[in-house]
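Below is one structure, written out as structure tokens; the observations come after it.
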């Protein structure tokens, strides 16, 4: 069973993808019970005719018992300026959720989607003492998708013509787009993009969520699809390489922090942390990003 904590737009969109693709039974958990039930009633009509999956909504945490995967999308409010502005309330919330998960399904793989993503991933892992390979923050893969999209728009080509568009570090203003690995129509990106253009694109990725909010309330489908891909990888044991936030223990020279890095995911969660070669500039930026997250963690 897949339990999703939070039945807002993102939680409901993830549930819809899981159900319409018949991945597994889904339980929506929300502090407002009627919201969870209403979304479940709607999404239940997307179950394929020959499928055995089901979806239900509740406000009762005890019903997550036996879950294989728990996705956390809950939020205490809507951030407007940056992803850390509600950090104290969000940290309190994630600790409460952590205690419920530890009580009812301590063997589950946890996917954190709530913000501030890297801080909450770190706090959850330390609060529960679950294996760091089973506590995965989903966001850097979304930033990587945005990186690929912006490059495709700049060069007026299909996204499929761009490979290795990877974003590491914080899911926030200090994120690090790794230009040195990107290939555009098989050409190295650094051969056709100058420093000014790189800075512009980097800023566009950082502010993508703000730009999106000029047209709609907040992002929904991109993060839902990126999260669904990880859920499917775990359930199907179909290995997936993405950028995701995980507590580090010396990788990239960092400890006591969680941030986005390339990982290989399978049925057990993170099977492998992939250490890639960065250029000098990217390495420096990644250290700054790690320290930024670490400072947030130390602030509460």
Requested in this report: Among what's in the stretch 47-61 and is surrounded by 13 or more Cβ atoms within 10 Å (Cβ to Cβ) and over 24 Å from the mean Cα position of the chain (by Cα), pick the residue that is nearest to residue 74 (Cα to Cα).
Outcome: 54
Query raised in the report: From the set of residues in the stretch 149-173 that are buried (at least 19 other Cβ atoms within 10 Å of the Cβ) and assigned to a loop (DSSP other than H, G, I, E, B), which is farthest from the chain's Cα centre (by Cα)?
Result: 165
Query raised in the report: touching a helix residue (DSSP H, G or I) at 6+ places or on another chain (Cβ under 8 Å) and within 16 Å of residue 289 (Cα to Cα): does that describe residue 119?
Result: yes
Report summary line: Filtering the stretch 1-22 down to residues that are surrounded by 24 or more Cβ atoms within 10 Å (Cβ to Cβ) and assigned to a loop (DSSP other than H, G, I, E, B) yields 6, 7
Query raised in the report: Can you name the residue in the stretch 162-175 that is touching a strand residue (DSSP E or B) at 6+ places or on another chain (Cβ under 7 Å) and without any contact (Cβ under 8 Å) to a residue 60 or more places away in the chain and is also nearest to residue 276 (Cα to Cα) among such residues?
Result: 164
Query raised in the report: Which condition breaks for residue 145 when tested against (1) crowded, with 24+ Cβ neighbours inside 10 Å; (2) touching a residue at least 60 places away in the same chain (Cβ under 8 Å); (3) touching a helix residue (DSSP H, G or I) at 6+ places or on another chain (Cβ under 8 Å); (4) not in a strand (DSSP E or B)?
Result: (1)
Report task. Looking for whichever is at pLDDT 95 or above, over 23 Å from residue 66 (Cα atoms) and under 16 Å from the mean Cα position of the chain (by Cα) here; the options are 146, 181, 132. Which one fits? Result -> 146
Report task. Could you list, in sequence order, all residues of the stretch 223-247 that are surrounded by fewer than 20 Cβ atoms within 10 Å (Cβ to Cβ), over 26 Å from residue 12 (Cβ atoms) and within 16 Å of the chain's Cα centre (by Cα)? Result -> 241
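The values are calculated or read from the model by the stated rules, or taken from the named source; none is laboratory data. This one's a predicted model, so the numbers in the text were calculated from it and none came from an experiment. Every residue, glycine as well, gets a Cβ built from its backbone with ideal geometry; the counts of neighbours run over all protein chains shown.
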